[in-house]
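None of the figures in this text is laboratory data; all of them are computed from the coordinates on show. Please read these numbers as outputs of a predicted model, since none were measured by experiment. Methodologically, a virtual Cβ is constructed for each residue, glycine included, from the backbone with ideal geometry; neighbour enumeration extends over all protein chains shown.
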Amino acid sequence: MAEVVKLHVDAAEAARLRALWANVVRAEGAPSLPPDAGTVPEIEADLQALKLVLMPETAMEPILAKVSESFGVPVRVMLGARRQREVVNARWAAIWLGRKAGLTLEQIGRAMRMDHTSVIHALKKVQNLMEAANA
């Protein structure tokens, strides 16, 4: 399995994930979480792993953070509709890295707040730029 990335899970997200897990438990007959699981510090790691399984697009969070740092473009701007070249380049880099990380077009699109066809377009543009740079 790929390396699990540590993500911050706030109380509301933890409650939502526990509710999702409870539904899985009822449906699948899996063991339930202890009643005091919300107070156990180790639960955060389990919730993060569960979050990656239930919502794989969250794997884009560390990618977006690193691209934001490298390109100097805030994540909220990358996820917006701006078309300035530096924003588009950062957005395309994040999309390309997400695909390299094994995420599906739909997962990347959901994380980037765009349609999967826009993700395809970005991947083609990056591929063309890489081919031109190697020519």
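Overview of values
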read-out: Rel. contact order, % - alpha carbon contacts under 8 angstrom, at least six apart, the range 58-134; value: 26
read-out: Fraction in percent of alpha-carbon pairs per bin - 5 Å, the range 58-134; value: 3, 18, 30, 27, 17, 4, 0
read-out: Extended-chain gain in nm, criterion 0.36 nm per residue less alpha-carbon gap, residue 116 and residue 20; value: 32.0 nm
read-out: By average C-beta atoms within 10 angstrom, highest first, the peptides 58-66, 90-98; value: 90-98, 58-66
read-out: Gap separating the Cα centres of the range 101-135 and the range 38-99, nearest whole Å; value: 15
